Amino acid sequence: MDEVYRASDLFADIIGAKHEEVCPHYSASSALISLLSAFKPTGRRKIVTTDLDYPTLGVTLLGARNNGFEVVVLKSRSGIIDLDQYQKAVDDKTLMLATFQVSALNGLRQDIRALSEICQSKGAFLLVDAYQGVGAVPINVKKDQVDFLVAGTTKFLLGIPGAGFLYVKDELADRLEPSAVSWFSQKDPFLFGRDKMDYRPGARRFEMGTWSVVSMYAAAAGMTIIKELGVDRIWKHVERMRNHFVNTALSLGFEPYSPLEKTLGPTVSLHIGDRAHDIEIWLRQHKVITSARGPGLRFAHHFFNTKDDVEKALTMLRKALKYTR
């Protein structure tokens, strides 16, 4: 249990939260399900999301429709969701804007503080899925004025599946009563025969059952490295590597799938077309790890990547396109 909560506290430190504002979960999905269970479709029942969001949000919110919520999915334009689309969609009937920090599809990075200001102007909550950026891209839930945040550790936090976290702003946590609960949601988890729910204070009322302890050991190990290096320092290096990748790829004639005219996270996607998945497999067999998303092939950068890595990856991509025809 100590190691589970050590991982939770490390995550809180990385996102600028208080320790009691974060609780451990199995995944971003389980965290989201627990959070949504605290809301009912009375009064404000509209939830806004986008088609650039990971299915963690999209599919879970489709399930929320069965509970009476209205879910509005904003459609991207050339891989971009503009702020004016949010301003038009978020209104006095909106409960929550649920969207990404960095898109898993094309690497688009959003201005979280600007989204927060839109939500505040209409009295709506902001939920951020930070899975595709946290650990490499700075985020501070206090400065950015985020209400809720979900993430897991298998991306830039250097963990393995089975570890996720939920952030709930302290002013909100004790006002919410989730129905997706477990024995760890109550003050005394070991009390038998309970006939009335006695919620734990803070975010830990949103905990589910026994954790994946092995995953939490790995999560703590990975986040210890991230914290020691510092996300700001990591991000400066990642930006240099990403920009070198973009410049080299364009010079070699590759077509971007990411919207290069907008702000990006650690990820750049190149337009490969209907062969993207086959190219991913070929590259993996040659020790270059990428991820196909639609017609795009995604390349992610972290603190351990070098310019040599970038150039090798693009050289191997040219070979893959030649040999897999």
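Table for the structure above
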| quantity | calculated |
| --- | --- |
| Dimensions in Å of the stretch 177-253 - Rg and Dmax from alpha carbons | 21.8, 68 |
| Expected 222 nm ellipticity per residue - DSSP helices of 4 or more, -39500 (n - 2.57), all of the chain, to 500 | -11500 deg cm²/dmol |
| Cα-based Rg and Dmax for the chain, where Dmax is the largest Cα-Cα distance (Å) | 20.3, 68 |
| Span from the the stretch 250-325 Cα centroid across to the the stretch 19-95 one, whole angstrom | 30 |
| 1.4 Å probe accessible area per residue over the chain, in Å² | 45 |
| Carbon plus sulfur fraction of accessible area for the chain, probe 1.4 Å, in percent | 52 |
| Straight-distance crosslink candidates among aspartates and glutamates, where the alpha carbon sits under 16 Å from residue 287 and sequence neighbours closer than 8 are dropped | 278, 308, 309, 311 |
| Choice from 114, 163, 203 showing the highest fluctuation, given a GNM over the chain with Cα pairs closer than 10 Å | 114 |
| Taking the chain and dividing mean pair separation by its residue count, relative contact order in percent (alpha carbons under 8 Å, at least six apart) | 20 |
| Per-selection Rg to Rh, the stretch 117-229 - Cα, Kirkwood hydrodynamic radius | 1.01 |
| The chain: angle of helix 307-323 to the longest principal axis, Cα-based, in degrees nearest 10 | 70 |
| Listed peptides 249-262, 135-148 by packing density, highest first (mean Cβ within 10 Å) | 135-148, 249-262 |
| Solvent-accessible surface ranking, highest first, for 192, 304 at 1.4 angstrom | 192, 304 |
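The values are calculated or read from the model by the stated rules, or taken from the named source; none is laboratory data. For clarity, every value in this text was computed on a predicted model and none was experimentally measured. Every residue, glycine among them, receives a Cβ derived from its backbone with ideal geometry; neighbour counts consider all protein chains shown. Heavy atoms of the whole protein, side chains included, go into the accessibility calculation; ligands, DNA and RNA do not. Shrake-Rupley method; radii C 1.70, N 1.55, O 1.52, S 1.80 Å.
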